[in-house]
Amino acid sequence: MTEASETAAQPLTARLDRVGIVVAVIAIVGMDWQSFATLKPNRLISGQGLSLAQSLPTLWAAIGIALLSIATIVAVLRTGALLRLAVGIGSLLLLAVLIGIVPATVVPPDNSYARVSPAAGFWLMAFAFAVLTTDAIAKLQLGPLARLPMLAGAAIAVALILGSGHWDGLSILKEYATNAQKFWREGAKHIELALGSLAAAVVIGLPLGIACHRNATLRGITLPVLNVIQTVPSMAMYGLMIVPLGLLAAWSPLAASLGIRGIGTAPALIALFLYSLLPVVANTVAGLGEVRRSVVEAAEGMGMTKFQRLFQVELPLALPVILTGIRIVLVQNIGLVTIAALIGGGGFGTFVFQGIGQAATDLVLLGAVPTIALAFTAAILLDAAIELSERRRL
Amino acid sequence: MSRIIGPLARLATLALLLALILKPDWFVPVLKPFTENGAPVIYNQGSLLSLTLYHLGLVAIASLIGTALALVMGVFVTRKVGAEFLPLSRSLVNIGQTFPPVAVLALAVPVVGFGLKPTLIALVLYGLLPIFENTITGLKEVPANVVEAARGMGLNPTQQLFRVELPLALPVILAGIRLSVVINMGTATIGSTVAAKGLGEVIIAGLLTSNTSFILQGGIIVALLAVLIYDALSILERRVARRTGRLAEVAG
């Protein structure tokens, strides 16, 4: 590029936002995509794509395209982060409203077999505006605590839309309607497994971490072993857990009567517990290791006993690092519980694998979407907890 | 002591792994008690060797693609041209890593169908996150005065990147690759549930027919393989770290 054209081009490029250009390209491709939604004759047959104009009443399609175009222009221009945040969130809400209108538009009221689901065009636009929102949040440098109200807002918005029945015509909610009872049961099981294994890992891992901090030999043995355990792929781990527990159940009627069997909750819980140990122990060691020698000595000088020192000085100072370990464990476990469904452990994975087995996409989504939402919520909540503990430390 | 134990343990693990894959019949007496009603003791629906090679090939291809993409992206967002994308990329990587790998796999199925494709997509997409994150961290951690000195020596930006920044960031990048490969080994195993070929098949066959012997065979092979690869990559990483440590001394 010559210097003359560079200076001539500068006023224009200076007014354009590079991230916004990427967002706009994705959004425009999504808007032009031949399928905004998919209409399937029933839940298993592959469907037919409907463009934005085909899937909505003319008025709604016009409003939708107009507003989304304005949002795209705002994204491309160099605009303030707050405006971009508002536009990003607004566009996502608009998409949420639009997709809910599709079933009533394209499915005759007496047809209860037809399934409508969001398709590539919808997802591309949703992704584009989610990126715009994320970029605005990153630019505003909103800390974890500030993200809490946004999480609450998102949760309330989704709850309101779900509660109003606006999405009831969509295939994933039809799938929910037929599985409602099972959905909440598996959901409870999912959370129970993720939190139960975490609790066990904290109860065992925290003292183990403290012991490892004080004793180098123990640390030298424990951490490598836990590292190796963490490396074992989850499906292999669940599989391997079946064997000892199956044998235990076969030999001991007591174990069997307690519900310990080769297949089911027990092997899943133990496998998750084993995976959880490394982050808890390693971060406890690292957190305690970061506490400055002078602080510990000062506490000693004040006449604190070993216990007082540990509980009133060292652990509170190490808390943010320990909480980081707990965050890793919780997010990881929420994902890993999904795979426990393969050995009868229950959880949302039940729907995922059932759906894969029947080639029923909607059922897969019924399992995958809440799992992602849970992991995401856990990450935001714990990030906020970490920030709180850091503030208190100062 | 540990100098002898380490290599010995590695050698024993490798020998056990090779025996399990190449001579599964040797293990019949051990595995026999885990079968019922005269079910086959040794996996008989395909050769364990070809499944292992396929599994490793899948992980290798996905990791190579993921590494290449992550490196290019990581270098881009740490240059002046891509600086605007840096905060966004950091957030997206963080968000991406809260997605469970199995969800990425399950969501790819409706888009591209069953088999190799969704598994490869999930492996590449999910696997590039730790590498991308570590590339950014590694490049950002290169001390400013070192880059400054390189510029003072008359290196142009490309030379600075390839001769100074990337070599110094290499240990951190390698740690990301190790993490990515380990995650990919696991995701490739789950890939068998969406009909991708691989060692997960052996475990799934065992689960479907309640044949604990199959589960043990598949589980132990996958576990040993993952542990050995993790170990090998850790050794490589330590070697590189030691070398760049010296490099940094010279440069600083």
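The values are calculated or read from the model by the stated rules, or taken from the named source; none is laboratory data. Nothing here was measured: the structure is a model prediction, and the numbers come from that model. Positions of Cβ are backbone-derived with ideal geometry, glycine not excepted, and every protein chain shown enters the neighbour counts.
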Take region A:337-352 and flag every residue that is part of a helix (DSSP H, G or I) and farther than 13 Å from A:A378 by Cβ.
A:T338, A:I339, A:A340, A:A341, A:L342, A:I343, A:G349, A:T350, A:F351, A:V352
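Matching residues to (1) buried (at least 17 other Cβ atoms within 10 Å of the Cβ); (2) in the same structural domain as A:I322 (by TED's automatic domain parsing):
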residue: A:S164; (1), (2): no, no
residue: A:D168; (1), (2): no, no
residue: A:A194; (1), (2): yes, yes
residue: A:N215; (1), (2): no, yes
residue: A:R219; (1), (2): yes, yes
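Please note which helices (runs of 4 or more DSSP H) are completely contained in region A:24-124 and include at least 2 residues that are over 29 Å from A:L142 (Cβ atoms) and without any contact (Cβ under 8 Å) to a residue 12 or more places away in the chain. Step through it out loud before you land on a result.
Values: elements: A:52-55, A:58-76, A:81-106.
Correct list: A:58-76.
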Residue hits (region B:178-214; within 22 Å of B:I42 (Cβ to Cβ), more than 10 Å from chain A (Cβ to nearest Cβ) and not in a helix (DSSP H, G or I)) are B:K197, B:G198, B:T209, B:N211
Apart from one, (1) within 27 Å of B:T187 (Cα to Cα); (2) of a type in the set (K, R); (3) away from chain B (no Cβ under 13 Å) all hold for A:R292; the odd one out is (1)
Close pairs from region A:205-216: first closer than 13 Å to A:V291 by Cβ and of a type in the set (S, T, Y), partner surrounded by 15 or more Cβ atoms within 10 Å (Cβ to Cβ) and at pLDDT below 95, Cβ under 9 Å, at least 6 apart:
none
Residues satisfying the stated conditions in region B:12-31, i.e. surrounded by 11 or more Cβ atoms within 10 Å (Cβ to Cβ) and under 18 Å from A:L247 (Cα atoms):
B:V30, B:L31
Among A:V280, A:V331, A:V243, the single one that is among the β-branched types (V, I, T) and farther than 29 Å from A:I372 by Cα is A:V243
Buried (at least 24 other Cβ atoms within 10 Å of the Cβ) and small (G, A, S): is that true of B:G191 in this structure?
yes
Test set (1) under 30 Å from B:G115 (Cβ atoms); (2) out of contact with any helix residue (DSSP H, G or I) (no Cβ under 8 Å at 6 or more places or on another chain); (3) hydroxyl-bearing (S, T, Y) - B:T158 fails condition number
(1)
Looking only at residues in region A:108-161 that are among the hydroxyl-bearing types (S, T, Y) and within 14 Å of chain B (Cβ to nearest Cβ), which one is nearest to A:I172 (Cα to Cα)?
A:S117
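Taking A:L278, is it away from chain B (no Cβ under 14 Å) and either in a helix (DSSP H, G or I) or more than 21 Å from B:L207 (Cα to Cα) (or both)? Step through it out loud before you land on a result.
Values: away from chain B (no Cβ under 14 Å): no; either in a helix (DSSP H, G or I) or more than 21 Å from B:L207 (Cα to Cα) (or both): yes.
No: the conditions fail for A:L278.
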Please go through region A:122-161 and give me each residue that is surrounded by fewer than 16 Cβ atoms within 10 Å (Cβ to Cβ) and among the polar types (S, T, N, Q), ordered by number.
A:Q141
Only residues that are among the aliphatic types (A, V, I, L, M), surrounded by 12 or more Cβ atoms within 10 Å (Cβ to Cβ) and within 26 Å of A:I339 (Cβ to Cβ): list them for region A:170-192, please.
A:I172, A:L173, A:A188, A:I191
Would you call B:L31 under 30 Å from B:I131 (Cα atoms) and not small (G, A, S)?
no
What single numbered condition from (1) out of contact with any Pro (no Cβ under 8 Å at 6 or more places or on another chain); (2) over 30 Å from A:F353 (Cβ atoms); (3) part of a helix (DSSP H, G or I) fails to hold for B:L155?
(3)
Which of the numbered conditions does A:A146 fail, given that it passes all the others? Conditions: (1) in the same structural domain as A:G47 (by TED's automatic domain parsing); (2) over 30 Å from A:P41 (Cα atoms); (3) modelled with pLDDT under 90.
(1)
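Can you confirm whether A:T361 is among the polar types (S, T, N, Q), over 30 Å from A:L145 (Cα atoms), within 11 Å of another protein chain (Cβ to nearest Cβ) and touching a helix residue (DSSP H, G or I) at 6+ places or on another chain (Cβ under 6 Å)? Reasoning before the result, please.
Working: among the polar types (S, T, N, Q): yes; over 30 Å from A:L145 (Cα atoms): yes; within 11 Å of another protein chain (Cβ to nearest Cβ): yes; touching a helix residue (DSSP H, G or I) at 6+ places or on another chain (Cβ under 6 Å): yes.
Yes, satisfied.
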Kindly indicate whether A:L245 is over 27 Å from B:S180 (Cβ atoms), within 14 Å of another protein chain (Cβ to nearest Cβ), hydrophobic (A, V, I, L, M, F, W, C) and assigned to a helix (DSSP H, G or I).
yes
Quick one: A:Q354 ticks every box in (1) touching a residue at least 40 places away in the same chain (Cβ under 8 Å); (2) of a type outside the set (G, A, S); (3) more than 10 Å from chain B (Cβ to nearest Cβ) bar one, so which box is it?
(1)
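Does A:L366 count as closer than 29 Å to A:R115 by Cα, facing chain B (nearest Cβ under 10 Å), touching a helix residue (DSSP H, G or I) at 6+ places or on another chain (Cβ under 7 Å) and surrounded by 19 or more Cβ atoms within 10 Å (Cβ to Cβ)? Steps first, answer last, please.
Numbers: closer than 29 Å to A:R115 by Cα: yes; facing chain B (nearest Cβ under 10 Å): no; touching a helix residue (DSSP H, G or I) at 6+ places or on another chain (Cβ under 7 Å): yes; surrounded by 19 or more Cβ atoms within 10 Å (Cβ to Cβ): yes.
No: the conditions fail for A:L366.
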Pick out, from region B:44-120, the helices (runs of 4 or more DSSP H) lying fully within it that include 1 or more residues that are at pLDDT 95 or above, within 11 Å of chain A (Cβ to nearest Cβ) and in contact with a Cys (Cβ under 7 Å, 6 or more places away or on another chain).
none
